[in-house]
Amino acid sequence: MHPTFKAAIAAACLISAAHASAQSMEPANLPLWEFGVGAFGLTAPAYPGSEDRNNRVLPVPYLLYRGEVLRADQSGIGARLFRSDRLEFDVGLAGALPSDSDDVEIRAGMPDLGALFEFGPRLKIRVADIDRNSRLRAELPLRAVIEARGGLRRQGWTFEPKLAYETRGERGLWSVEGNVSVVFGDKRINRYFYEVQPQYVNASRAAYSADAGLMLTRVGLFATRQLNPDVRLFGFVRYESYAGSANRDSPLHLKNSGTSAGIGFAWTLARSSRRAAGYEPIDPVTP
């Protein structure tokens, strides 16, 4: 799969979730599906602890679908298996963009980091309703990491408990989420990012065997603004600390912190006349 195409698929996952996250009408009034186009600009570390950055601007189409089980909406992309007023259990998909090792100085000569897709179960909990437009939410996702590079291969598991505060304007013209989370990875995903095998040792890279454990602590802010019924802007900024990570002694771990930011828009071109059915989502403001 071509790297740009892989990046576009990952970005489409991000745009679909970001656009759907800002829907403000009650679920009974939302279209069953929406189709549109968007563009997303992103700057982020090439991988956690990297000195080099991954900068992309990608135009992509997106599709939202709000079925009773299959969903591509404010909750992400996946299948909702259980639903109550306070709890939701689903199996979902997320994406991350690839990095070419030729563009990452410390990884020169090592295998590229392919586009990553994370798939697995997630429990969401509505912790508290602050007022009619604000609430506190917790998430407990366990995800298998799948790399798309010359085929598909599993690259371990991650677990990212998250606490999020979300609020929105009275008519849903704007929304804001602040969240904090920690990311743990098994030995395989940590090896993927931080291990240096003997054949890749050089003057700046000593051999290193990675361990399972903490990967990073993350604080983020996400916001959207509706310009008209069909066009919405969105953006985010995120700070990550790697200082306490399990593999901070790796020669590939060069920084103890990193920031990411992105901005984009979504433009709805068509929507169904049929309405979606279901409960109000636990996370009506952001994914």
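Here are some notes:
- Computed FRET value (nearest 0.05) for A203 with A39, which takes r as the C-beta separation and R₀ as 41 Å: 0.50
- Rounded if a/c under 1.5, otherwise prolate or oblate - the stretch 124-206, Cα gyration tensor axes: prolate
- Ranking T217, T224 by solvent-accessible area of protein heavy atoms (1.4 Å probe, all protein chains present), from largest to smallest, gives T217, T224.
- Around the amide H of D52, modelled in the peptide plane, lie the amide H atoms of A46, all under 5 Å away and 5 or more residues distant in sequence or on another chain.
- Residue separation of D100 and S241 scaled by 0.36 nm, minus their Cα-Cα distance, works out to 48.4 nm of gained length.
- Think of a 1.4 Å ball rolled over the protein heavy atoms: the stretch 76-125 then has 43 Å² of accessible area per residue.
- Remark: the stretch 71-125 projects, on average over all directions, an area of 5.0 nm² (convex hull of Cα atoms).
- With every protein chain in place, the stretch 127-283: carbon and sulfur % of accessible area (1.4 Å): 57
- For I263 and D85, a Förster radius of 35 Å and the Cβ-Cβ distance give a FRET efficiency of 0.55, rounded to the nearest 0.05.
- Table column - 3J(HN,Hα) (Hz), the stretch 216-228, Karplus curve with 6.51, -1.76, 1.60, x for Gly and Pro: 6, 10, 10, 10, x, 9, 10, 9, 9, 9, 7, 8, 7
- Mean-position separation - Cα centroids, the stretch 113-186 and the stretch 53-112, in angstrom: 10
- Surface exposure of the stretch 129-277, expressed per residue as accessible area with a 1.4 Å probe, stands at 51 Å².
- Using a probe of 1.4 Å, the accessible surface attributed to F89 totals some 80 Å² when neighbouring protein chains are kept in position.
The values are calculated or read from the model by the stated rules, or taken from the named source; none is laboratory data. This is a predicted model, so every value here is computed, not measured. When we count neighbours, we look across all protein chains shown, and the Cβ atoms used for this are built from the backbone with ideal geometry, even at glycine. Accessible surface areas use protein heavy atoms only, side chains included; no ligands, DNA or RNA. Shrake-Rupley method; radii C 1.70, N 1.55, O 1.52, S 1.80 Å.
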